[in-house]
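I have placed the structure first, in the form of structure tokens, so that the comments after it can refer back to it.
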Amino acid sequence: MNSLPADAVLVIVDVQKAIDHPSWGRRNNPQAEANIVRLLQAWRETQRPVVHVRHLSTEPNSTYRPGQVGCDFKDMVLPAANELVVDKHVQCAFIGTDLASWLKQRGYQTLVVTGVVTNNSVEATVRVAGNLGFDTHVVDDATATFDKVDLKQKVHLAEDVHALALANMHREYATVTDTETLLHSLV
């Protein structure tokens, strides 16, 4: 991987306490948050821009609904005062927000996307980012998802759901990479 530009934006999607609720079921990548923290520290040390995306669900039974602890960011990724927080009500961080205009006004072209859920908010955000022309990177081991039941009631393991979501994004909308590769690309 080539060096990332000095203004590459780290986008942390929906890393809120909601994902720890048992109703989500079994997930993959238990090290995802630790890898997000490593990336966040590197971004802060190199003074690169960081965006924290927060899901504010309008669904009455959602663990992401405002007014409950699940809506809070996880402690290890709390935004710093100089980092943008984007509140969204749907899966994609670009829909109903000013994220695209904020990025474009500052001339930011490169996005590094982490967070949850790989096949939901991460993929929705990455697809739109790619379609908007951003050079987008998704961090395999800094994203995570959950087991998923299909329409025929077959259970698909989180590892498989994750792999397919990443395959959907790779080369079409983004480049899929990993934490170590990204950390080595910072100059």
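Measuring between alpha carbons in the structure, the pairs from Lys74/Lys148; Lys88/Lys148; Lys17/Lys88; Lys17/Lys104 lying more than 25 angstrom apart are Lys17/Lys104. Net charge near Asp7, counting Lys/Arg +1 and Asp/Glu -1 over other residues with Cβ under 13 Å of its Cβ? Result for the local shell: +2.
Positive-end ranking of Val37, Val11, Ala129 along the dipole of the chain, with charges on Cβ about the Cα centre, is headed by Ala129. For region 28-75, the Cα gyration tensor yields ellipsoid semi-axes of 26, 14, 8 Å (square root of five times each eigenvalue, largest first, whole Å).
For the chain, modelled as a GNM whose springs connect Cα atoms under 10 angstrom apart, the maximal fluctuation among Ala80, Ala158, Ala18 occurs at Ala80.
A convex hull fitted to the Cα coordinates of region 123-187 yields 88 cubic angstrom per residue. Converting phi to 3J(HN,Hα) with the Karplus coefficients 6.51, -1.76 and 1.60 and the offset θ = phi - 60°, region 63-78 yields 6, 9, 5, x, x, 10, 4, x, 6, 6, 4, 5, 4, 6, 10, 4 Hz in sequence order, with x at every glycine or proline.
Between the Cα long axis of helix 32-45 and the first principal axis of the chain there is an angle of about 20°, rounded to the nearest 10. Each stretch of four or more DSSP H residues adds -39500 (n - 2.57); spread over every residue of the chain, this sum gives -7500 deg cm²/dmol at 222 nm. Approximating the spin labels as points 7 Å out from Cα along Cα→Cβ, the Asn82-to-Asp160 distance works out to 4.6 nm. With no solvent and one equal point scatterer per Cα, compute the Debye intensity ratio I(q)/I(0) for region 49-187 at 0.15, 0.19 Å⁻¹ and report its log10, rounded to two decimals. Treating every Cα as an identical point scatterer, log10 I(q)/I(0) equals -0.81, -1.29.
Values quoted throughout were computed directly from the atomic coordinates according to the rules given, and no laboratory measurement underlies them. Computed from a predicted model, the values in this text were never measured in an experiment. Glycine also receives a Cβ, built like all others from the backbone with ideal geometry; neighbour counts cover every protein chain displayed.
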